[in-house]
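The values are calculated or read from the model by the stated rules, or taken from the named source; none is laboratory data. For clarity, every value in this text was computed on a predicted model and none was experimentally measured. Cβ placement follows ideal geometry from the backbone for every residue including glycine, while neighbour counts extend to all protein chains displayed.
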Amino acid sequence: MQPKYIIAAALALCTSCSKAPQQAELSYDNHLTTIKPSDNIWFNKKVDFAKSKNITVFVDNRLSGADGNVVAKAIKEALPVAQKYLSSISPNINITSITWGDVLPAPGTTYDVVIRADNSGTGAAPAWAHIPDGTGKVGDLMSINLDLNQTGLSWAHVYYTRLLVHEFLHTLGYGHTGAVSGGDYDANVEEMAIPNKHNTTQDPLQALMSSYNSLYSLTGYSGAPADFDAGTNPFYVFTKGDLAQLNWYYTLKAPYDVY
């Protein structure tokens, strides 16, 4: 059985995101290095494009909000929007179907990614996800914490959309930006820094894959922009640094591939 590696969300009120001391800090050339906050982390677990271009998702009905849970309602509203942003940014990333149900299939069987609800408490991360296992498949599980409620934010829809995109990017192999000082990784996973060859400026507090607990809107709006749900403006979700790091492996569609 392949070991499962779990990574917590960056958009958490996290007070114990520490890195195992025995874990190597690796650059792109696998030399010991200090990873800068402008760098992102790659788990060295490449996903086959045949898999990333046809991601099937199963979602726990507990995330439908039918029972009145406001976090679940926010997730249900954000999920199709996150799907649009991810499926429109790269020719090699596409969430092709989202199925809801009460009986969760075992991860890695019928569906590529299972998104489940959990109740891990108000002091835990808002979500976590499995990273790829090295077989070419995407990470097969994502878990959403219904106890941590950020729906009071004026830009909550932006927050939950970015949270889901963040977790999907973990399943696609990406770690946290600036993870040496703020990551929460499995000691058995070999990490390396993605070289920012474009020297793209990236505020680690606003980066989508930040491990610095960003709790303010990337868009600068008090709420979601009017065209946010269209999923056509990646700058509502990604910084230029995020786009550079996405382009590093998955290749972005023009004009965003310049980063």
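Remarks
- Pairs linking a residue in region 147-159 that is within 8 Å of residue 74 (Cβ to Cβ) to a residue that is exposed (fewer than 15 other Cβ atoms within 10 Å of the Cβ) and at pLDDT 95 or above, with Cβ atoms under 7 Å and 6 or more positions apart or on different chains, are 151/70.
- Pairs meeting the criteria (first residue in region 54-72 and free of Cβ contacts under 8 Å to residues at least 24 places away in the same chain and more than 17 Å from residue 139 (Cα to Cα), second residue surrounded by fewer than 19 Cβ atoms within 10 Å (Cβ to Cβ) and of a type outside the set (Ser, Thr, Tyr), beta carbons under 7 Å, at least 6 apart or on different chains) are 65/73; 65/76.
- Residue match in region 166-175 (condition: modelled with pLDDT under 70, surrounded by 15 or more Cβ atoms within 10 Å (Cβ to Cβ) and more than 29 Å from residue 151 (Cβ to Cβ)): no
- Qualifying residue in region 77-100 (condition: out of contact with any Gly (no Cβ under 9 Å at 6 or more places or on another chain), among the aliphatic types (A, V, I, L, M), free of Cβ contacts under 8 Å to residues at least 40 places away in the same chain and farther than 24 Å from residue 244 by Cβ): no
- Looking only at region 224-242, and only at residues there that are closer than 19 Å to residue 91 by Cβ and either touching a Ser or Thr at 6+ places or on another chain (Cβ under 7 Å) or modelled with pLDDT under 90 (or both), the one that is surrounded by the fewest Cβ atoms within 10 Å (Cβ to Cβ): 232
- Members of region 41-68 found to be buried (at least 19 other Cβ atoms within 10 Å of the Cβ) and assigned to a loop (DSSP other than H, G, I, E, B), listed by number: 43, 45, 47
- Restricting region 104-149 to residues that are assigned to a loop (DSSP other than H, G, I, E, B) and β-branched (Val, Ile, Thr), the residue that is nearest to residue 69 (Cα to Cα): 122
- Of the criteria (1) within 14 Å of the chain's Cα centre (by Cα); (2) closer than 23 Å to residue 43 by Cβ, which one residue 79 fails: (2)
- Filter pass, residue 129 being small (Gly, Ala, Ser) and more than 26 Å from residue 223 (Cα to Cα): yes
- Residue count for region 216-259, restricted to those that are part of a loop (DSSP other than H, G, I, E, B), closer than 30 Å to residue 136 by Cα and not aromatic (Phe, Trp, Tyr): 10
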